[in-house]
Amino acid sequence: MTGYELPEPREWIEPPTCEAIGYCIECGKEIYSGEDIWEIRGDWYCEDCIDSFHTEAEKEEYFDDVI
């Protein structure tokens, strides 16, 4: 015997099933407890949508229509 034993079965190998606590108002993606979200005027936005808004706003032509 080398001192190594078989590991016990682990229940955590499969992720637990979770229920969504809300949805992103922009894309409809499910939002789960513990995820980063943005709440703007009562609406929830996922981090992916906020990142895409930020990327779009950084483009030079974003404000061309305003000027």
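Taking 0.36 nm per residue of separation and subtracting the Cα-Cα distance, what length does fully extending T17 through R41 add? Please list the in-between numbers first.
Working: separation 24, 0.36 × 24 = 8.64 nm, distance 2.99 nm.
So the extension gain works out to 5.6 nm.
Taking the mean number of other Cβ atoms within 10 Å as a proxy for protection, how do you rank 32-38, 44-50 from highest to lowest?
On the way: 32-38: 11.3, 44-50: 16.9.
By packing density, highest mean first, the sequence is 44-50, 32-38.
Computed from the coordinates by the stated procedures, all read-outs in this text should not be read as laboratory data. Not measured: the values here are computed from a predicted model. Cβ sites come from the backbone with ideal geometry, for glycine too, and all protein chains shown count toward neighbours.
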